[in-house]
1. Please name all residue pairs, on different chains or six or more residues apart, with Cβ atoms under 6 Å, provided the first residue is in segment 264-290 and is under 18 Å from GLU222 (Cβ atoms) and the second residue is in a helix (DSSP H, G or I).
2. Residue under question is LYS211, and the condition is that it be touching a residue at least 24 places away in the same chain (Cβ under 8 Å), of a type in the set (D, E, K, R) and assigned to a loop (DSSP other than H, G, I, E, B); does it hold?
3. Please specify each residue of segment 336-372 satisfying the condition of being of a type in the set (Phe, Trp, Tyr) and either in contact with a Lys or Arg (Cβ under 6 Å, 6 or more places away or on another chain) or at pLDDT below 95 (or both).
4. Determine, yes or no, whether ALA77 is within 21 Å of ALA219 (Cβ to Cβ), in the same structural domain as ILE255 (by TED's automatic domain parsing) and not in a loop (DSSP other than H, G, I, E, B).
5. Which one is surrounded by the fewest Cβ atoms within 10 Å (Cβ to Cβ), of the residues in segment 7-30 that are basic (Lys, Arg) and either at pLDDT 95 or above or assigned to a loop (DSSP other than H, G, I, E, B) (or both)?
6. Count, please, the residues in segment 126-140 that happen to be assigned to a loop (DSSP other than H, G, I, E, B) and either within 9 Å of the ligand (Cβ to nearest atom) or small (Gly, Ala, Ser) (or both).
7. Residue by residue through segment 257-280, note down the ones that are over 13 Å from LEU225 (Cα atoms) and among the polar types (S, T, N, Q).
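The values are calculated or read from the model by the stated rules, or taken from the named source; none is laboratory data. Since the model is a prediction, treat every value here as computed from it, not as a measurement. All Cβ positions, even for glycine, are placed from backbone atoms using ideal geometry, and neighbour counts span all protein chains on display.
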Amino acid sequence: MISKLEREGRLTHIRSPVSVEFEMASIMATLLEKPVMFENVKESKFRVVGGMCSSRDLIAEALNTCKEDLIFKLAEAINNLKSPQTVINAPCQEVVESPDLEKLPIMRYMPKDGGKYITSAICVVKDPEFETQNVCFHRLMLIDKNHLVARIVENRGTDVALKKAGGELDIAICIGNSTASMLAAATSLPMGIDEFSLANALERTDLVKCKTVDLKVPANTEIVLEGKITRNMHAEGPFLDLTTTYDKIREQPIIEIKCITHRKDAIYQTLIPGMHEHRILMGMPKEPTIFNEVSKVCNCKNVYITQGGGNWLHAIVQIIKQQPDDGKKAIDAAFKGHGSLKHCVVVDDDINIYDSDAVEWALATRFQGDKDLVVKPSQPGSSLDPSADLTEGKKALTCKVGFDATIPWDKKDKSFKAESYAKVDLKKYM
Ligand SMILES: Cc1cc2nc3c(=O)[nH]c(=O)nc-3n(C[C@H](O)[C@H](O)[C@H](O)COP(=O)(O)O)c2cc1C
C-alpha cells in the first residue's frame, strides 16, 4: 500500500528533521492524518509511516474493495476463515538484534501522556487451552531499553489467555502491519480460533516462527519485538482514548523484551490516538459482527458505527422490515453483536445511514417513545464512557437504549416516504 500511495503521489514526505516528542503527532494531526512518511527522525535511524488506515476509503483500497462493500467483505471473511501458511524465511527477520527499545522512534503524542507510547502494535499470544493464537492491539508505554507496560483490557483475548497461563505468557509485538492484519487484530473472534486466519481470508498473510518464543507472526511485518508478559506491574497512562478524553492511570502488566527482529530497511508505523485512524480501526470491525447477529433475526441491509458515538458506542442498523417486531429484534441482536454498544437506532432501507440528519428525520417521523424505545438499565458496557458506573474493580455498567425508528407496522400503509420535487434544467429559465 505504501508503494501504491507513493506511485500515485498520495504519500506526504516530511524530510526536515522532526522529533518524536509531540512534533510528529502534531504534524500528523495538522495533515488530518493523511498518509505521511517521516524521513528524518531526530531520535532514531528508522523512518516512520502514519495514517495508513485513516479513512474507510484507504482501508477499502488496501483490501481491493470500495467503502460501501467493506462491511460485506469483512463479514464474508469472518464467515470463511482461512488458515495461513508458514514460511521459513521472512523479511521481518532479516535483522535479529538484542533489544534496545530506545533506538525505536517511539513517540510522545500529547503533553499529559504518561510516557512515550507504541500505538500501532498488534500483539500475538497463544491461548494455552486451545493452542490457537490471539491477535490484539495493545498500547504500550515505554519503561526502558527492554521493558514496556501494556494496557490489557479485561476479558479480551490477551487477558483471557494470560489468566489461563497463570499470569505469565510469551508475546510477539508486531509493528508495521498490513491492513488485513490490523483488521484481524481489531476483531474479536470466538476463543479457539486463530485470528490470523481472518487476515489470511482478507489477503494472503504468510506467517513465520519467531526466533525466541513459540509464536508465529506475519512474514511481511516491519518490526517484531519478542518477549514475555510478566507478573510485575507498572503504572500505565494517562493516555488519550477513543472518546478523545483521557483514560486514567492503572497498574498494568510489564512486558520484558528478549529479542528484536526487523527488515533491513524497516519502517516503523504509528497512529495518533483518539483520532480517526484509531477510531475507525476500533469501531469498523464491529459493523460485520453486528451485521451477522442482526442477520440471524431479520433481514439486515447495513450497519454503521457512527463517528459522533466515538466510533464505538453508537450504531445505526438498517433493515428491510418484514415482521412487526423486526426493529426490536434487531436492537437485541445489535447489542449481542457488539458488547460495548450503548445506543442503537434501527431504520428502514430508505434511510441513508451515513447521514445523521436522515437518521434524525426517521426518529422524528417514525418513532414513538412509549412504544418504540428499548431501555436496558445496568448492563455491562464500555469503560470508555465517562458517564457509566465505573466503580473500581468492577465491569463498567451502563444503560443501553435502542430506538426502533422503522415505520410502525400498523401504519405501514400511510405515507412515510420523504417526497422530493422534480428537478428542472435551470438554463431554460435564465
Ligand atoms: C488502535 C487500537 C488500539 C487499541 N488498544 C487496545 C489496548 O490498548 N488494549 C486492549 O486490550 N485493546 C485495545 N484495542 C482493542 C482490541 O484490539 C479489540 O478489542 C480486539 O477486538 C480484541 O480482540 P480479542 O478479544 O480477540 O483479543 C485497540 C484497538 C485499536 C484499533
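1. LEU271/GLU277; LEU271/HIS278; LEU281/ALA186
2. On the way: touching a residue at least 24 places away in the same chain (Cβ under 8 Å): yes; of a type in the set (D, E, K, R): yes; assigned to a loop (DSSP other than H, G, I, E, B): yes.
Yes: the conditions hold for LYS211.
3. Kept after step one, since they are of a type in the set (Phe, Trp, Tyr), are these residues of segment 336-372: 354, 361, 367.
Matches in segment 336-372: TYR354 only.
4. Values: within 21 Å of ALA219 (Cβ to Cβ): yes; in the same structural domain as ILE255 (by TED's automatic domain parsing): yes; not in a loop (DSSP other than H, G, I, E, B): yes.
Criteria met by ALA77.
5. To start, the set of residues in segment 7-30 that are basic (Lys, Arg) comprises 7, 10, 15.
After this cut, where a residue has to be either at pLDDT 95 or above or assigned to a loop (DSSP other than H, G, I, E, B) (or both) as well, the list is 10, 15.
Details: ARG10: 12, ARG15: 9.
Per the criteria, the residue is ARG15.
6. Step one: of segment 126-140, the residues assigned to a loop (DSSP other than H, G, I, E, B) are 127-132, 138-139.
Still in the running and either within 9 Å of the ligand (Cβ to nearest atom) or small (Gly, Ala, Ser) (or both): 138-139.
Residues that pass the stated criteria total 2.
7. GLN269, THR270
Residue-wise test of (1) more than 19 Å from the chain's Cα centre (by Cα); (2) closer than 24 Å to PRO273 by Cα; (3) not in a loop (DSSP other than H, G, I, E, B).
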{"site": "VAL124", "(1), (2), (3)": "no, yes, yes"}
{"site": "ALA201", "(1), (2), (3)": "no, no, yes"}
{"site": "ARG231", "(1), (2), (3)": "yes, no, yes"}
{"site": "HIS234", "(1), (2), (3)": "yes, yes, yes"}
